[in-house]
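The values are calculated or read from the model by the stated rules, or taken from the named source; none is laboratory data. Keep in mind that this is a model prediction, so the values were computed, not measured. Cβ atoms come from the backbone with ideal geometry, glycine included; neighbour counts cover every protein chain shown.
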Protein chains: 2
Amino acid sequence: MKPLVHPALEDITVEGMLHALSDPIRVEIFASIANSGCSANCSSFLTVGEKAIPKSTLSQHFKVLRDAGLIRSERLGVEMQNTSRCAEIDTRFPGLLPAIVSALKTQSSERAATRTGKKGKARG
Amino acid sequence: MKPLVHPALEDITVEGMLHALSDPIRVEIFASIANSGCSANCSSFLTVGEKAIPKSTLSQHFKVLRDAGLIRSERLGVEMQNTSRCAEIDTRFPGLLPAIVSALKTQSSERAATRTGKKGKARG
């Protein structure tokens, strides 16, 4: 079985993390792992943002997050458990990931408010 | 002359900003504008990170930063003046851009230290 590769903390780059998080699905997966605190397995993300995601696409997203150094994945039987590396990264880049996760929360609640507002109104 | 388009503050997305900043050259240009405080014209970036950049590539980088909502560009005669929209964005996503700029500073100083270290040592 192919080993899971995780970059060393000192090899993680800001551009690499920003690239991994610049995809709307990936950033949602990451925010969810970072917020949950506990490890999450891949299949718990089969629906992200109300859309069903093929398992192969999901694996690819997890690989990008892992390669960027944002998450740590471990095989547990047939499942893959993922935890965020926030705490570790925070020692090198203090406040970076909390700021990104918090900005995403703001954006999600704004979007939810817009959706609710639109649903409530009949189009004229 | 084509007008310069800037997205409204409420249309700026976190993913869009992270995408624009996931390119090493662009992130360096942005950090430099954000740190300088005063406006910078495009040609002052013809060498970024010790490499000469063709003017057309540079224009494209500025366009990506502008479209993501990160900078504001103004034509002044034949020159283009660029200022960061950090203050504005900070009202919607507090701390996000300062955290990114600060992480980049950390990364640059680490890289500079590594380069100095390598230059000091003869290879064995």
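One line per residue, one yes/no per condition, for (1) part of a strand (DSSP E or B); (2) away from every other protein chain (no Cβ under 14 Å); (3) at pLDDT 85 or above:
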residue: A:L4; (1), (2), (3): no, yes, yes
residue: A:G16; (1), (2), (3): no, no, yes
residue: A:S22; (1), (2), (3): no, no, yes
residue: A:E28; (1), (2), (3): no, no, yes
residue: A:N35; (1), (2), (3): no, yes, no
residue: A:C38; (1), (2), (3): no, yes, no
residue: A:S59; (1), (2), (3): no, yes, yes
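For region B:61-87: of the residues being within 14 Å of chain A (Cβ to nearest Cβ) and surrounded by fewer than 20 Cβ atoms within 10 Å (Cβ to Cβ), which is modelled with the lowest pLDDT?
Step one: of region B:61-87, the residues within 14 Å of chain A (Cβ to nearest Cβ) are B:61, B:64-65, B:67-70, B:86.
Those left that are additionally surrounded by fewer than 20 Cβ atoms within 10 Å (Cβ to Cβ): B:64, B:67, B:86.
Numbers: B:V64: 96, B:D67: 96, B:C86: 92.
By that ranking, first place goes to B:C86.
Would you pick out the residues in region A:93-109 that are among the hydrophobic types (A, V, I, L, M, F, W, C), touching a Gly at 6+ places or on another chain (Cβ under 9 Å) and either more than 8 Å from every other protein chain (Cβ to nearest Cβ) or surrounded by fewer than 24 Cβ atoms within 10 Å (Cβ to Cβ) (or both)?
Hit for region A:93-109 is A:A99, nothing else.
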